[in-house]
Amino acid sequence: KVRLGEWAEQWLSGQVQLKPSTYARYGLILRKQVLPTWSRVPLSAVTYSDVSAWVKTLSSSHLSASSVRQAHRVLSLVLDHAVKDGRISKNPASGVRLPRAARSHMIYLTHSQVDELAVACEPDGTLVRVLAYTGIRWGEAAALRVGRVDLTRRRLSIVEATSEVGGRVIFGTPKTHKQRSVPFPAFLTDPLAAATTGKGADDLVFTAPGGGVLRN
């Protein structure tokens, strides 16, 4: 008799292991794609064919294949939780055919294009070059602190990242919680030295124009 909307709310509230950004994304997917169809449907009434029809409807809408796959994943996680709790015997979302996500064509900047971009973005040229030549993510660069820049070994310790949830900046672990040491080329040593001079070990290397954390 439990409706899927009630069960989904209970499931989401128990996902204490999720990063705030992932928690917020799951909540948005539930509100936008899952619950409009499934909110009032009893868990025991959800069938494989119903889920297949729902996926087909999402696929024929404005949603991308990736978004459809994410919506299906969240519904499947909710139903998996119901299986583990003994509410239903099996997950009706398992094995449903999903649209194939298109592989995007990757475009890479040349050295001269990176340089042109960095010059055009001054006084943030060093940030542009660090992003280009280390491959760290935006949130990782925004959370990079002076004490994690090793100018002698030419390495950045990536142990923290920022994300924006509900208009607020949140500091947390990097994506997949993976900390790592990232090398940078020798020509970035002097620019990074200049960016860290006069700052404390816990100060941010890169800040917004008016100070504070960099925002998207």
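The values are calculated or read from the model by the stated rules, or taken from the named source; none is laboratory data. These figures come from a predicted structure and were not determined experimentally. Cβ atoms come from the backbone with ideal geometry, glycine included; neighbour counts cover every protein chain shown. Just the protein is used for accessible areas: all its heavy atoms, side chains included, with ligands, DNA and RNA removed. Shrake-Rupley method; radii C 1.70, N 1.55, O 1.52, S 1.80 Å.
What the table below lists for this structure:
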| item | result |
| --- | --- |
| Residue within segment 104-119 that is at pLDDT below 95, among the aromatic types (Phe, Trp, Tyr) and either open to solvent by 50 Å² or more (accessible area, probe 1.4 Å) or under 25 Å from the mean Cα position of the chain (by Cα) (or both) present | yes |
| Segment 34-56, residues that are among the hydroxyl-bearing types (Ser, Thr, Tyr), without any contact (Cβ under 8 Å) to a residue 40 or more places away in the chain and either in contact with a Ser or Thr (Cβ under 7 Å, 6 or more places away or on another chain) or over 25 Å from THR22 (Cα atoms) (or both) | SER49 |
| Subset tally (residues that are among the small types (Gly, Ala, Ser) and closer than 14 Å to TRP38 by Cα) for segment 49-76 | 5 |
| Filtered residues of segment 134-163 (kept if crowded, with 16+ Cβ neighbours inside 10 Å, without any contact (Cβ under 8 Å) to a residue 60 or more places away in the chain and not basic (Lys, Arg)) | THR134, ILE136, GLY139, GLU140, VAL146, VAL149, LEU156, ILE158, VAL159, GLU160, ALA161, THR162 |
| Contacts under 7 angstrom Cβ, first residue in segment 113-124 being in contact (Cβ under 8 Å) with a residue 40 or more places away in the chain, partner among the hydrophobic types (A, V, I, L, M, F, W, C), 6 or more apart | none |
| Test result for VAL78, open to solvent by less than 80 Å² (accessible area, probe 1.4 Å), touching a helix residue (DSSP H, G or I) at 6+ places or on another chain (Cβ under 6 Å) and closer than 26 Å to ARG31 by Cβ | yes |
